[in-house]
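The values are calculated or read from the model by the stated rules, or taken from the named source; none is laboratory data. Computed from a predicted model, the values in this text were never measured in an experiment. Cβ sites come from the backbone with ideal geometry, for glycine too, and all protein chains shown count toward neighbours.
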Ligand SMILES: NC(=O)c1ccc[n+]([C@@H]2O[C@H](COP(=O)([O-])OP(=O)(O)OC[C@H]3O[C@@H](n4cnc5c(N)ncnc54)[C@H](OP(=O)(O)O)[C@@H]3O)[C@@H](O)[C@H]2O)c1
């Protein structure tokens, strides 16, 4: 992921309707093992969310330490494995009766130029970055709608903005995030009547494994900004695409 691609653009009332308060009680985060997902676990802990579920494949010590602080960890979940995803409602409803906020954060970036693109890599990015968040959201819909309607935050990327693409390359990543945006917009329309809001969010250019630690923003700062933005967004803004700096992004 090149610097250019990311740096040049710049309590109880926990449902997504109208003027919701800052407090979100029940949060589910995918890709919680490291990077932005791990920082989001820490941020919602700091915000005193009542229940936080961290979904991951494996549990590194950095995530395990939150277990002692009340965060529940569901491991062994590859988000592209449909059977594992189908098992999630059963595991989650024992911990929380409803989900106020689902953050679909798990993602991959496989660097490619025009010469390098390969079907398997394109498909892997579509499956992880676009199809998995769609399937997870659909699977968790009964829990998302049960308390008047929760929020779904899709961790997208401004690299998925077709109108904002000035740098080329990264075919699979850009197209997979554009597909995620299309799924998110469609979900926003379909789920509005259920009170469930869906947002696409760009987390900034962040110092994580994905960017080979080249991003200038710390995962903590990104998570703080994401949580602030998520708290402000309501059902009225469902189906929109935002930068963490508060600017709305074009498709
Ligand atoms: N970093 C940035 O500058 C940036 C910019 C724009 C958007 N984003 C987006 O932000 C999100 C988080 O990125 P990051 O920078 O934190 O990346 P990261 O450090 O590479 O972490 C990626 C996370 O996704 C998980 N994941 C990947 N594939 C998975 C799968 N098949 N099943 C389950 N979990 C899977 C990883 O789990 P494992 O540990 O098991 O691999 C890890 O927890 C991604 O959606 C990314 O596209 C990041």
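Structure above, values below:
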item: Pairs, first more than 13 Å from residue 79 (Cα to Cα) in segment 135-149, second modelled with pLDDT under 95 and surrounded by 20 or more Cβ atoms within 10 Å (Cβ to Cβ), C-beta under 6 Å, six or more apart; result: 148/15; 149/15; 149/16
item: Residue match in segment 122-130 (condition: over 19 Å from residue 85 (Cβ atoms) and modelled with pLDDT of 95 or more); result: yes
item: Unmet requirement for residue 84, which otherwise passes all of (1) touching a helix residue (DSSP H, G or I) at 6+ places or on another chain (Cβ under 7 Å); (2) surrounded by 15 or more Cβ atoms within 10 Å (Cβ to Cβ); result: (1)
item: Strands (runs of 3 or more DSSP E) contained in segment 66-184 and holding at least 1 residues within 23 Å of residue 205 (Cβ to Cβ) and within 15 Å of the ligand (Cβ to nearest atom); result: 101-104, 151-155
item: Residue 197 being away from the ligand (no atom under 16 Å from the Cβ), under 21 Å from residue 250 (Cα atoms) and touching a helix residue (DSSP H, G or I) at 6+ places or on another chain (Cβ under 7 Å); result: yes
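One line per residue, one yes/no per condition, for (1) within 20 Å of residue 47 (Cα to Cα); (2) in contact with a helix residue (DSSP H, G or I) (Cβ under 7 Å, 6 or more places away or on another chain); (3) near the ligand (Cβ under 9 Å from one of its atoms):
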| site | (1), (2), (3) |
| --- | --- |
| 207 | no, yes, yes |
| 210 | no, yes, yes |
| 215 | no, yes, yes |
| 220 | yes, yes, no |
| 223 | yes, yes, no |
| 226 | yes, yes, no |
| 235 | no, yes, no |
| 240 | no, no, no |
